[in-house]
Amino acid sequence: MPSRGRLINVANRLPVNRVETAQGGRWVESPGGLVTALAPIIRKTGGAWVGWTGTTADKRFNPFVHEGIGIRPVAISESELDGYYNRFSNRTLWPLYHDAIRAPEFERKTWRPYVEVNQRFAKAAASVAQKGDLVWVHDYHLQLVPAMLRRLRPDVRIGFFLHIPFPPEELFQWLPWRRQILEGLLGADVVGFQTYAGAQNFSRLARDYTTADGTDTQLAYEGRIITVGSFPISIDTRWFEAAASSERAEKLSRDIRQRLGNDRKILLCVDRLDYTKGIDARLKAYELLLQCGKTSADRSVLVQIAVPSRERVFEYGDMRKDIEQLVGRINGEYSEPGRVAVHYFRRNFPREDLAAYYRAADVMVVTPLRDGMNLVAKEYVATRTDNTGVLILSEFAGAARELRRSLLVNPRDIEGMAEAMHEAIRMPAQEARHRMAMLRMQVRRHDVYEWADTFLEAMRR
Ligand code: GDG
């Protein structure tokens, strides 16, 4: 807990969503790891959360308090949202920072709304902050806020944490606005990344493209010292343990297993529908496994939960079509009466139900092409309180740095992934238990509360 200064959190989205109803409208909590970890600290220190409401309606919302947290809404118009969010954040930065898996768009007209919306966030943060407060800015949407805020309020401590990977120079230098982004981030006192590689990439680029000087972990810039480091995010481990052990989850998980067939191995995948998550390659790997007879729809089933995401960004529609076609092809070829080879759910489940799915799964398959961390991998591990279950994990997820005893795979190697699935299905119980016990130790030691404490501690130094 901070000993001095309130915590002001600045993120693209508020911890509450606006739901318009016939009676007017209300605010509902949007639960997630970040909210769970930071809400108690904000409450305790009397701080606030600055963010977008999730609606582009003309209506302006005044600051208000929601369950002990000061809420400072930032308004974004429909056309700004397109430039700032759909395009610059999600068609330029997102693909560029994820190894350019899709070609990033570089359009001058989308840069301006990115700058303007960042400026609005900085002003909003400046208006609620008091001298000595800790202002923690999150993610790729708001990389200019640290420097903008410092100009307005040099009397606060500023931290920035990037939830996605920070790319190497070879990619980052494509960005026509590379210097501005680096200078934006250098406005912070602490710049944090998911992995050490991200921190190294940033420090090197800052030295090459700005007047900053120093090492991978400490930079001198405009008379200030900036801490750069890796702060791997985690989950509310105890919550997932408890949720999976609850009577309701136990019953639901038994029900899921029974419906899918108690005699079948269940392979589970849970992702936002995003091209970085490698959903198509993993389906192809499972198809290969069926094709060569190493498993059959009678013996195993793959369950893909795909949460709808960014449906207004053009690339996502195409990707969805491809995945759905692939599921159709696999099922057409390999399903048997009453035994569908691949179950595909394109929808959102309540978190408690997700915990029941984790509990029901013999194998969890997490194979992004690139991922800042990947919380799903950690959540699965947290729910395996009896140390059963096998985790297959991409080497290209930040989580692979910590979850070393998973079956690590290269998501571009379809045959390699099929082999890992085969190995996971047949893994002797003793080996699986040993591996899972080691993985569980990791996520129990390092949860999201520890993550937040460590970051805030670095900000206070
Ligand atoms: C970004 C970075 C980084 C999934 N389906 C449902 C549901 N979820 C929840 C999971 C998990 C979260 O969504 C997804 O988190 P990830 O980490 O896997 O991925 P991104 O959304 O891409 O997150 C990532 C993260 O930020 C944090 O820094 O790890 O690398 O890309 O918590 O449980 N939740 C509910 N229903 C679902 O159907 N309620």
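The values are calculated or read from the model by the stated rules, or taken from the named source; none is laboratory data. Everything quoted here is computed from the prediction, not taken from an experiment. Virtual Cβ from ideal backbone geometry, glycine too; neighbours counted across all protein chains shown. All accessible areas refer to the heavy atoms of the entire protein, side chains included, with ligands and DNA or RNA removed. Shrake-Rupley method; radii C 1.70, N 1.55, O 1.52, S 1.80 Å.
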Pair residue 311, residue 385: separation of 7 Å Cα→Cβ label points (nm): 3.6 nm
Shape call, region 315-371: gyration tensor on alpha carbons, a/c limit 1.5: oblate
Distance between modelled label sites at residue 99 and residue 262, nm, 7 Å Cα→Cβ extension: 4.2 nm
Accessible-area ranking of 227, 215, 367, largest first, probe 1.4 Å: 215, 227, 367
Count, lysine Cα pairs under 24 Å in region 237-445, 8 or more residues apart or across chains: 10
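Pull out a ≥ b ≥ c, the square roots of the eigenvalues of the alpha-carbon gyration tensor of region 379-448, then state rounded if a/c is under 1.5, prolate if not and a/b is larger than b/c, and oblate in the remaining case.
Note, shape of region 379-448 comes out oblate.
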Span per principal axis, largest first, for the Cα atoms of region 45-88 (Å): 36, 21, 11
Dipole moment magnitude, nearest 20 debye, the chain about Cα centre, only Lys, Arg, Asp, Glu C-beta charged: 980 debye
Accessible solvent surface per residue of region 237-445, calculated while the other protein chains remain in place, 1.4 angstrom probe, Å²: 44 Å²
Part-to-part distance (alpha-carbon centres) for region 60-96 and region 299-361, which is given in Å: 29 Å
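What FRET efficiency comes out for the pair residue 245/residue 22, r = Cβ-Cβ distance, R0 = 41 Å, nearest 0.05? Write down the numbers at each step before the final one.
Values: r = 40 Å, r/R0 = 0.98.
That pair, residue 245 with residue 22, gives E of 0.55.
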Top positive-direction residue, dipole computed over region 237-445 with Cβ charges, set 289, 301, 361: 361
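So for region 146-266, considering every pair of alpha-carbon atoms, how many percent are separated by more than 16 Å? Intermediate results must be reported in sequence, preceding the final value.
Working: 4946 of 7260 pairs.
Result for the distance tail: 68 percent.
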Descending principal axes extents, region 237-445, alpha-carbon based, whole Å: 40, 37, 32
Under Karplus coefficients 6.51, -1.76 and 1.60, residue-wise ³J(HN,Hα) of region 369-377 in Hz, glycine/proline x: 6, 6, 8, x, 10, 5, 7, 4, 4
Beta bridge orientation in the chain: antiparallel %, DSSP, nearest 5: 25 percent
Helical mean residue ellipticity (222 nm; -39500 (n - 2.57) per DSSP H run of 4+; nearest 500) of the chain: -13000 deg cm²/dmol
Largest-first ordering by accessible area, 1.4 Å probe, given options 98, 66: 66, 98
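Give me the percent of the accessible area of the chain that comes from carbon and sulfur atoms, probe 1.4 Å, all protein chains in place.
That fraction is 47 percent.
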Principal-axis tilt of helix 196-209 within the chain, Cα atoms, nearest 10 degrees: 40 degrees
Estimated vicinal HN-Hα couplings, Hz - region 61-71 in sequence order (Karplus 6.51, -1.76, 1.60; Gly, Pro = x): 10, 7, x, 8, 10, 10, 6, x, 10, x, 10
Whole-angstrom Cα spans of region 52-161 along principal axes, big to small: 42, 31, 24
Solvent accessible area, Å² - residue 265, 1.4 Å probe, full protein context: 80 Å²
Rounded to the nearest 10 Å², the accessible area of residue 174 at probe 1.4 Å: 120 Å²
Amide H contacts under 5 Å for residue 164, placed H, 5+ residues apart: 140
P(r) of region 1-68 over all Cα-Cα pairs, binned every 5 Å from zero, in whole percent: 4, 15, 26, 25, 15, 10, 4, 2, 0
Cα-only Debye scattering, the chain: base-10 log of I(q)/I(0) at q = 0.11, 0.12, 0.14 Å⁻¹: -0.92, -1.08, -1.40
For residue 441, solvent-accessible area (1.4 Å; no DNA, RNA or ligand), Å²: 90 Å²
Region 51-104: GluC sites (Glu not before Pro) in DSSP loop, at most 15 other beta carbons within 10 Å: 67
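If you count only protein heavy atoms with a 1.4 Å probe, what accessible area per residue comes out for region 1-149, rounded to a whole Å²?
Roughly 40 Å² per residue, with all protein chains present.
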Derived scalar couplings ³J(HN,Hα) [region 166-174; Karplus, 6.51 cos²θ - 1.76 cosθ + 1.60; whole Hz; x for Gly, Pro]: 9, x, x, 3, 3, 8, 4, 5, 5
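Among the GluC sites (Glu not before Pro) in region 181-254, which ones are in a DSSP loop with at most 15 other Cβ atoms within 10 Å of the Cβ? Mind listing them?
Values: sites: 183, 222, 241, 247, 250; in loops: 222.
Taking region 181-254 and a limit of 15 other Cβ atoms within 10 Å, the loop GluC sites (Glu not before Pro) found are 222.
What is the antiparallel percent of DSSP beta bridges lying wholly in region 1-132, to the nearest 5? Working shown, then result.
Working: 7 of 16 bridges.
Of the beta bridges lying entirely in region 1-132, close to 45 percent run antiparallel.
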Exposure rank, largest accessible area first [274, 263, 82; 1.4 Å]: 263, 82, 274
Spin-label model distance (nm) - residue 413 vs residue 173, 7 Å beyond Cα toward Cβ: 3.0 nm
